[in-house]
1. Can you tell me, using C-alpha contacts under 8 Å and at least 6 residues apart, the relative contact order of the stretch 3-178 as a whole percent?
2. Going by how many other Cβ atoms sit within 10 Å of their own, how do Asp127, Asp81, Asp97 line up, fewest first?
3. Given +1 on the Cβ of Lys and Arg, -1 on the Cβ of Asp and Glu, and no further charges, what dipole in debye does the chain carry about its Cα centre, rounded to the nearest 20?
4. Against the longest alpha carbon principal axis of the chain, how many degrees, from 0 to 90 and to the nearest 10, is the axis of helix 164-178 turned?
5. For the chain, what is the calculated [θ] at 222 nm in deg cm²/dmol (nearest 500), taking -39500 (n - 2.57) for each run of four or more DSSP H residues and dividing by its residue count?
6. With a 10 Å Cβ neighbour count serving as the proxy for reagent exposure, in which order, fewest first, do Phe86, Phe159 appear?
7. Of all trypsin sites (Lys or Arg not before Pro) in the stretch 52-130, which ones are in loop regions per DSSP and have a Cβ with at most 12 other Cβ atoms within 10 Å?
8. Test of understanding: express the Cα radius of gyration of the stretch 3-178 as a ratio to 2.2 N^0.38 Å, with N the residue count.
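Read-outs throughout are calculated quantities, based only on the coordinates presented, and are distinct from any laboratory measurement. Quantities reported herein were computed from a predicted structural model and do not represent experimental measurements. Using ideal geometry, Cβ is built from the backbone for each residue, glycine included, and neighbour counts are taken over all protein chains shown.
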Amino acid sequence: MKTKSVVFAGVSLAIAFALSYVKLFRFPWGGSVTLCSMLFVSIIGWFFGPAVGMYSALIYGIIQFFQGGSYVLNPLQVCLDYFAAFSALGVSGFFKDKKNGLLIGYLIGIALRGALHAIGGYLYWMDYMPEEFPKSLTAVYPIIYNYAYILGEGIITVFVISVPAVKKALERVRQMATS
């Protein structure tokens, strides 16, 4: 990694980390919608490609693990819930040269992150399902739990990056980062 990409990735991860504390909505069964924190992880891949994007997203997963509120049932659960799931946000790098690459990469990244969290939910978290959760939805609990907050933030983020001024600003920052 070049110095410029390290600096831009570090700043982007710092912004993502700070925004992860801005909780717009907390769900009654856990999880919360933050203010576009996943966007700033995905931007790294969109700027610099999949290798830098996924490596940076892995670092973000490690930061999230140590941020607090992390639960360890076993090492494989930690790898799935923190390292693999957050690394998925870096797949935006595969779309760096495509039209609407940030949007497409972001949406695929959050979908993959949700899927990995849901798999972890089925493997490790079913015994911790809240008593008040509707029994008729038990089979889809991990999907509902994880996608509720991920898609909530995703909708907000898609709206934000669709604003022409924001889109233009992101393109300009990308040009600065990659030139």
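1. On the way: 256 pairs, mean separation 40.8, N = 176.
Relative contact order comes out at 23 percent.
2. Working: Asp127 6, Asp81 26, Asp97 9.
Neighbour counts put them in this order, fewest first: Asp127, Asp97, Asp81.
3. Numbers: 13 positive and 7 negative charges, 170 e Å.
Rounded to the nearest 20 debye, it is 820 debye.
4. So the inclination is approximately 70 degrees.
5. Working: 7 runs with 108 residues, N = 179.
Here the helix-only value at 222 nm equals -20000 deg cm²/dmol.
6. Working: Phe86 27, Phe159 11.
Least to most surrounded, the residues fall as Phe159, Phe86.
7. Taking the stretch 52-130 and a limit of 12 other Cβ atoms within 10 Å, the loop trypsin sites (Lys or Arg not before Pro) found are Lys98, Lys99.
8. Values: Rg = 16.1 Å, N = 176, 2.2 N^0.38 = 15.7 Å.
Normalised Cα radius of gyration, the stretch 3-178: 1.03.
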